[in-house]
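Below is one structure, written out as structure tokens; comments come after it.
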Amino acid sequence: MQPCYINSAVSISAQDTLDNSSFLENTISFEGQLAKAIHPNYKSFISPIASRRMATGVKMGIAAAKKALALAELETPDAIITGTGIGCIEDSEKFLNAILDNDEEFLTPTSFIQSTHNTVGAQIALTLKCKGYNVTYVQGAASFESAVLDGQLLLHENEAKTVLVGGTDELGKYLINDIILAEAAEKQPITTPFGEGAHFFSLSQSKQNNSFAAIKGLKIFNKATAETIKIKVEDFLKEYALTTENIDAIVLGKNGDAFDELYQSLQDSSFKSTPQLHYKHLCGEFFTASAFGFWTTANIIKHQHIPEVLKLNTIKKSSYKNILLYNQLKGQQHSFTLLTSC
Amino acid sequence: MDALKKELKESIIEQLNLEDFTVEDIADDDTLFGDGLGLDSIDALELIVMLDKDYGIKLTDPNEGKAVFVSVEVLATYIAKHRTK
């Protein structure tokens, strides 16, 4: 597949990432179990009349999407593709609680309408008046990667020239507490906080003046062990005529749980001499947290600089051309994403 | 009646997420739909549910709804006359 070009990358996360003037310079560390997103003034992105029915995830998604388009100097993309693991959980919780509280009576329409997984993609399209291809992928920890893969395919098949892809998830108020309790019962639980965020990227078929990185390859697979992951990564790189030695940095979705052994396996073998990075201590763990990793990687290529807070080892490279992202959750929904300079 | 109007304004602001409004911003005779507060058909459904839940009033005739939701003043008068709780 031909590479596709990244023309803008926007992040709303638990760090101050929406402001493009710095790249992870003054980061926040988290003591508690939640890493809530830093919200911008949404009135600059959405009219108060439109925003009054929108939950956190929808507002974050629209703001990130609009800024991504503005930075790419693109008015309307040919396609909008969104990934989300848990959708609009805030409104789902509100609607389900209303069913319980009111004994299945007096159900109001707003939270029901807004509770579907494709609300973010739909609201972005409504805001932009974009009637093009619009799909939302819900594939657990591979939701964002599924959206990117679809975007890549559309561009490759010449069905679109520009695509807006993104990932968005919100913390909500209730389910997250059950997830925290369930995780606490694990022998080796997730140690990063749980987070939320919205990340959007403008992609194009051809290289533009504002293109700063390219997606060379992406692979999603469901199963791997600490042993087989080494073979899988070598096979993946082989498809692009690369070896592990050609990788200038590896970005790992480590979250502290028992399945970090998959990352460790690569750190101790194939990528022993490669700069190793992590990011979930900054954004928290959530189904589309890997989009924060993608944003981080695109920015490393753009700035040719790795912020100290990301480093797992002290190895440096003179330049960062090929960077590999590897993410998985609980030993499932694995993804390799290969970004390159352009 | 004044207490009911205040209660209604608070409910409208809360239920319809009119974040930028306060009770003082809504006059008793402000039009709720169209040029006034700018409410729409989804808000109408929210208000119908609110009447049923909070005051035990079931609105089934759409034309009746149109007349009832003209303003807070009209709505309060209607509730005072028809409420069952």
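Every number in this text was worked out from the coordinates using simple rules, so none of it is lab data. All of these numbers come straight from a predicted model, not from anything done at the bench. Methodologically, a virtual Cβ is constructed for each residue, glycine included, from the backbone with ideal geometry; neighbour enumeration extends over all protein chains shown.
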Jot down the radius of gyration and Dmax of segment A:80-153, Cα atoms only, both in angstrom. 14.6, 47
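Which value in deg cm²/dmol, rounded to the nearest 500, describes the helix-derived mean residue ellipticity at 222 nm for chain A, given -39,500 (n - 2.57) per DSSP H run of n ≥ 4 and division by the residue count? Display every interim value, and only then the final one.
Numbers: 11 runs with 110 residues, N = 342.
Helices in chain A give a 222 nm mean residue ellipticity of -9500 deg cm²/dmol.
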Computed log₁₀ I(q)/I(0) - Debye formula, equal Cα scatterers, no solvent, segment A:19-90, q 0.21 Å⁻¹: -1.21
What is the P(r) of segment A:1-150, as percent of Cα-Cα pairs per 10 Å bin from 0? 10, 34, 37, 16, 3, 0
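Wrap a convex hull around the Cα atoms of chain A, take a quarter of its surface area, and give that in square nanometres. Write out the running numbers ahead of the final one.
Working: hull surface 68.9 nm².
Mean shadow area of the hull around the Cα atoms is 17.2 nm².
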Reduced to Cα centres, the span from segment A:306-325 to segment A:50-105 in Å works out to 33 Å
The answer for trypsin sites (Lys or Arg not before Pro) in segment A:165-218 that fall in a DSSP coil and have at most 15 neighbouring Cβ atoms within 10 Å is A:Lys173, A:Lys187, A:Lys207
Using a 7 Å offset from Cα along Cα-Cβ at B:Asp35, what residues in segment B:46-85 end up with backbone N under 19 Å from the label point? B:67, B:69-74
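Please report Rg over Rh for segment B:2-82, where both radii come from the alpha carbon positions and Rh follows the Kirkwood definition. Provide the component values of the computation, followed by the final result.
Working: Rg = 11.5 Å, Rh = 12.6 Å.
Expressed as Rg/Rh, it is 0.91.
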Across 10 Å bins beginning at 0, the whole-percent shares of Cα-Cα pair distances in segment A:48-110 come to 17, 37, 29, 12, 5, 0
Alpha carbon convex hull of segment A:197-280, volume per residue in cubic angstrom: 142 Å³
Just need log10 I(q)/I(0) for segment A:268-342 at q = 0.13, 0.14 Å⁻¹, Debye formula, equal scatterers on the alpha-carbon atoms, no solvent, rounded to two decimals. -0.38, -0.45
Pull up the DSSP beta bridges for the protein assembly as shown and report the antiparallel fraction as a percent, rounded to 5. 60 percent
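Using alpha-carbon pairs under 8 Å, 6+ residues apart, how would you state the relative contact order of segment A:4-204 in percent?
Working: 375 pairs, mean separation 69.8, N = 201.
Computed over segment A:4-204, the figure is 35 percent.
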Quick one: plug the Kirkwood hydrodynamic radius of segment A:209-342 (C-alpha pairs) into Stokes-Einstein at 4 °C, 1.567 mPa s, and report D in µm²/s. 88 µm²/s
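Stokes-Einstein D for segment A:100-212 at 4 °C, 1.567 mPa s, Kirkwood Rh over Cα pairs, in µm²/s?
Working: Rh = 17.2 Å.
Taking Rh from Cα pairs, D becomes 75 µm²/s.
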Under a cut-off of 21 Å between alpha-carbon atoms, report the lysines in cross-link reach of A:Lys43, not counting same-chain residues fewer than 8 places apart. A:Lys59, A:Lys66, A:Lys67, A:Lys129
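Would you please give the FRET efficiency between A:Val309 and A:Gln264, computed as 1/(1 + (r/R0)^6) with r the Cβ-Cβ distance and R0 = 22 Å, to the nearest 0.05? All intermediate terms of the calculation are to be shown ahead of the outcome.
Values: r = 20 Å, r/R0 = 0.91.
Efficiency for this residue pair is about 0.65.
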